[in-house]
Amino acid sequence: MKSNVLKSVVLGLICILSLSLSTYAQPKKTIYILATGGTIAGQGDTEVTAGYKSGAITVDELLKAVPEIKDIAYIKAEQVANIGSQDMNDEVWLKLSKRVNELLSQGDVAGVVITHGTDTQEETAYFLNLTVKSEKPTILVGAMRPSTAIGADGPRNIYNAVVTAVAPESIGRGVMVVMDDKILSADDLAKTNTLSVGTFQNPNYGPLGIVYNGKPIYTRQSLKRHTANSEFDVSYIKELPRVEIILSHSNATGLFVEAAVKAHVKGIVTAGVGNGNLTTALQDALEKAVKNHGIAVVRSSRIMTGPTAQWDEVDDDKLNFSASWFINPYRARVLLMLALTKTKDYKEIQRMFSEY
Ligand code: ASP
């Protein structure tokens, strides 16, 4: 009788021990942090004044402000670039995309966090959303205040990005931006305020979730094609087709379309008024660009939310234009560049704008 009681006590203790080991002794995962510059790596003259230089400190210095991430994952850091993201370019995009693909194909790497300036973060995030071929998390993070400012938002954003990157529930969600405690999808990302730390939004669909108490909490998922399910492959590409954005406004003429034709661009995205509408002069110039020079035209809108829908006031099929639906002009430029690596057919381009 006594030995039975002893056996049960020992068994109980073993159960409790293995339960606590499985809860607390999860093996740490490896997360790569790729740094590209931006305000997050910015340095000001003082802690309180406005002037500062983007991309001034190295990734190692940047990570010293957030030692807590070492408790969450094995951190490996690389400096890919150190620029203000207003100077982000195709060369860095291709380098970044190839490096992320290389890293995520390694069995021991659980995810990648990219530090980036906020000015063009929506473009880089979307480019990677369409060219990274992995379900593992790729997360971009920035800051609105330089690293030297009182209340710098960078360290908290990096911490939140790393906890999101290691979480199994972050797998398969596409490229995300984690800032201001929000988890945002790259397929609907917009910088909505020039200075506020809460600048990033998913204005059409709402955020994917939040980071709370060191854990991501997801409330929706993207229904668009992305990452492992994307048809685009830049592994063999050295140069991307040139695409420009042209704005419509009262009295807009065909001047910039003519300049774009002369510069041999391959595509034009319009930031139209309302539902992607264009002045008659601008539309006529674009029609000629398509017919006479084979330039691909995608209509988008300068309005922050809502679709640029097909066949409303503009007869897209008659003009051989494509409409961008929920993709704003900045992201539409990225998708059109990638689309043009595969096709020039406006119907095929239209399919891509409906699927991504
Ligand atoms: N100009 C900076 C950049 O995009 C702004 C920022 O990071 O917030 O690099």
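The values are calculated or read from the model by the stated rules, or taken from the named source; none is laboratory data. It should be emphasised that the depicted structure is a prediction, and the values quoted were computed from it without experimental measurement. Don't worry about glycine lacking a Cβ; one is built from the backbone with ideal geometry, like all the others, and counts go over all protein chains shown. Surface areas here come from the heavy atoms of the whole protein model, side chains and all, with no ligands, DNA or RNA. Shrake-Rupley method; radii C 1.70, N 1.55, O 1.52, S 1.80 Å.
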Quiz item: How many nm is it between the label spots at ASP315 and LYS98, if each spot is 7 Å from the Cα in line with the beta carbon?
Solution: 4.7
Quiz prompt | Helix-derived mean residue ellipticity, 222 nm - over the chain, DSSP H n ≥ 4, -39500 (n - 2.57), to 500 | solution = -10000 deg cm²/dmol
Quiz item: Given Cα pairs under 8 Å that are at least 6 residues apart, what percent is the relative contact order of the stretch 19-119?
Solution: 42
Quiz item: At a 1.4 Å probe radius, carbon and sulfur cover how many percent of the accessible area of the stretch 142-204?
Solution: 52
Self-check item: Potential extension, GLN43-ILE237 segment - 0.36 nm per residue separation minus Cα distance
Solution: 66.4 nm
Exercise. Rounded to the nearest 0.05, what FRET efficiency do THR343 and GLU91 give with R0 = 35 Å and r taken as the Cβ-Cβ distance? Could you check?
Key: 0.90
Self-check item: Global form of the stretch 158-256, assessed from the alpha-carbon gyration tensor, a/c cut-off 1.5
Solution: oblate
Quiz item: Taking the Cα centre of the stretch 78-189 as the origin and placing charges on Cβ (Lys, Arg +1; Asp, Glu -1), which of ALA167, SER134, ALA149 is farthest toward the positive end of the dipole?
Solution: ALA167
Quiz item: To the nearest 10 square angstrom, how much accessible area does LYS342 have with a 1.4 angstrom probe?
Solution: 110
Exercise. Please list the helices of the chain that count as membrane-span-like by this rule: a mean Kyte-Doolittle hydropathy of at least 1.6 together with Cα atoms stretching 30 Å or more along the helix axis, each helix being a complete DSSP H run.
Key: none
Quiz item: At a 1.4 Å probe, what is the % contribution of carbon and sulfur to the accessible area of the stretch 214-356?
Solution: 52
Quiz item: Could you give the nm distance between label points at SER105 and SER196, where each point is 7 Å from its Cα heading toward the beta carbon?
Solution: 4.2
Quiz item: What are the lysines whose alpha-carbon lies under 22 Å from the alpha-carbon of LYS53, with same-chain residues fewer than 8 places away excluded?
Solution: LYS64, LYS191
Quiz prompt | Under 5 Å, built H, 5+ apart or other chain: amide partners of ASN204 | solution = none
Quiz item: Counting DSSP beta bridges with both partners in the stretch 213-354, what percentage is antiparallel, nearest 5?
Solution: 15
Quiz item: Which whole-number percent is the relative contact order of the chain (Cα, under 8 Å, 6+ apart)?
Solution: 13
Practice problem: Distance from a point 7 Å along Cα→Cβ of SER354 to each backbone N in the stretch 293-320: keep the residues under 18 Å and list them by number. | Solution: 297-300, 307-320
Practice problem: Would you mind working out the magnitude of the charge dipole of the chain relative to its Cα centre, with +1 at each Lys and Arg C-beta and -1 at each Asp and Glu C-beta, to the nearest 20 Debye? | Solution: 960
Quiz prompt | Long-range HN-HN contacts of GLN79 with modeled amide H, under 5 Å | solution = ALA35
Self-check item: Per-residue ³J(HN,Hα) for the stretch 57-65, Karplus 6.51 cos²θ - 1.76 cosθ + 1.60, θ = phi - 60°, Hz, x for Gly and Pro
Solution: 10, 7, 4, 5, 5, 4, 6, 4, 6
Quiz prompt | Among LEU195, GLY274, LEU247 - extreme Cα towards positive end, dipole of the chain, charges at beta-carbon | solution = LEU195
Quiz item: So how much slack lies between LYS28 and ASN251, counting 0.36 nm per residue of separation and subtracting their Cα-Cα distance, in nm?
Solution: 74.3 nm
Quiz item: With every protein chain present, what is the per residue accessible area of the chain (1.4 Å probe, Å²)?
Solution: 48
Quiz item: Do any of LYS29/LYS98; LYS98/LYS136; LYS288/LYS344; LYS70/LYS136 go past 18 Å between their Cα atoms, and which?
Solution: LYS29/LYS98; LYS70/LYS136
Quiz item: Put a dot 7 Å past each Cα toward the Cβ at GLU135 and GLU169; how far apart are the dots in nm?
Solution: 1.7
Quiz item: Among the DSSP beta bridges whose two residues both lie in the chain, what percent are antiparallel, rounded to the nearest 5?
Solution: 35
Practice problem: Within the stretch 272-356, list the GluC sites (Glu not before Pro) lying in a DSSP loop whose Cβ has at most 12 other Cβ atoms in a 10 Å radius. | Solution: GLU313
